[in-house]
Amino acid sequence: MNNGALVLFSGGQDSTTCLAWALDRYERVETIGFDYGQRHRVELDQRAVLRDKIRAIGPNWNNRLGQDHLLKLEQLGAISDTAMTRAIAIETNEKGQPNTFVPGRNLIFLTFAAALAYRRGLQHIVGGMCETDFSGYPDCRDATIKAMQTALNLGMDSDFLLETPLMWIDKAQTWALAQQLGGAPLVDLIIADTHTCYIGERGALHDWGHGCGQCPACRLRADGFAQWRLSQRE
Ligand code: ZN
């Protein structure tokens with residue numbers, strides 16, 4: 001079986017943990033990122049920093065980490081009028097979805113990732129989608145990912161495995177997973193250099209990392225960090 005993986009790598013906490021997870025398992029790991037005009041573009045700038053620093057953390061991670069691919073999907077931002085791509089307040093609609101939801105985003109990302117993985121000969125496609133404490137995005141659901149795997153394999157006559165190591169764990173467990181994969185150096189790298197904040201603020205360095213501390217993404221990250229720290233003391 002193919003021992004190569006393509007990681008959907010945005011430069012956030014979840015995708016950085018997924019990158020470490022893949023580097024721990026696969027002999028060849030490449031990364032893909034998407035520029036769709038997101039407000040938190042700063043996370044794209046962090047991708048190179050993270051890729052550079054993560055090489056030193058695990059055994060063989062330096063040798064395993066291969067090419068990075070950054071795809072421009074500006075049309076996705078142009079067609080979606082959301083708080084993720086425009087300077088409007090973050091709110092929740094009548095379906096309980098935050099207006100940061102970009103319709104079809106993960107479906108489009110996975111399709112482009114599979115097209116690239118096909119050309120690069122990589123069987124495993126790794127993403128940080130999570131159903132446990134997700135922000136109500138329907139394209140993060142396990143059923144959506146399984147349906148996409150079926151569609152992509154049929155449509156490309158392939159045997160891709162869509163892997164989502166964070167699907168059934170919460171944010172506190174995501175911090176624990178980082179600790180398990182790369183110890184304190186990985187946790188420290190994630191705190192200092194990953195970006196999660198929706199409104200793109202870096203600002204002061206809190207114990208859980210940089211961000212505004214108020215948006216849903218910052219609150220999830222900060223609460224998860226506090227829970228994880230608390231669980232370590234027990
Ligand atoms: Zn924030």
So in region 190-207, with the set limited to residues that are of a type outside the set (Asp, Glu) and away from the ligand (no atom under 11 Å from the Cβ), which one is farthest from residue 21 (Cα to Cα)? 204
Selection within region 203-214 - within 14 Å of residue 13 (Cβ to Cβ) and assigned to a loop (DSSP other than H, G, I, E, B): 207, 208, 211
Look through region 1-15, keep the residues that are in a loop (DSSP other than H, G, I, E, B) and open to solvent by 20 Å² or more (accessible area, probe 1.4 Å), and return whichever of them is farthest from residue 34 (Cα to Cα). 1
Being more than 10 Å from the ligand (Cβ to nearest atom), open to solvent by less than 20 Å² (accessible area, probe 1.4 Å) and within 16 Å of the chain's Cα centre (by Cα) is the requirement here; does residue 174 meet it? yes
Take the residues in region 74-100 that are among the hydrophobic types (A, V, I, L, M, F, W, C) and modelled with pLDDT of 65 or more; name whichever of them is surrounded by the most Cβ atoms within 10 Å (Cβ to Cβ). 76
Looking at (1) over 18 Å from residue 190 (Cβ atoms); (2) buried (at least 16 other Cβ atoms within 10 Å of the Cβ), which is the one condition that is false for residue 47? (1)
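Based on this model, can you work out whether residue 226 counts as aliphatic (A, V, I, L, M), within 16 Å of the ligand (Cβ to nearest atom), within 18 Å of residue 8 (Cβ to Cβ) and assigned to a helix (DSSP H, G or I)?
No; evaluated as a whole, the condition is false for this residue.
The values are calculated or read from the model by the stated rules, or taken from the named source; none is laboratory data. None of these values were measured; they are calculated from a predicted model. All Cβ positions, even for glycine, are placed from backbone atoms using ideal geometry, and neighbour counts span all protein chains on display. For the accessible areas, the whole protein counts, side chains as well, though only heavy atoms, and no ligand, DNA or RNA atoms are used. Shrake-Rupley method; radii C 1.70, N 1.55, O 1.52, S 1.80 Å.
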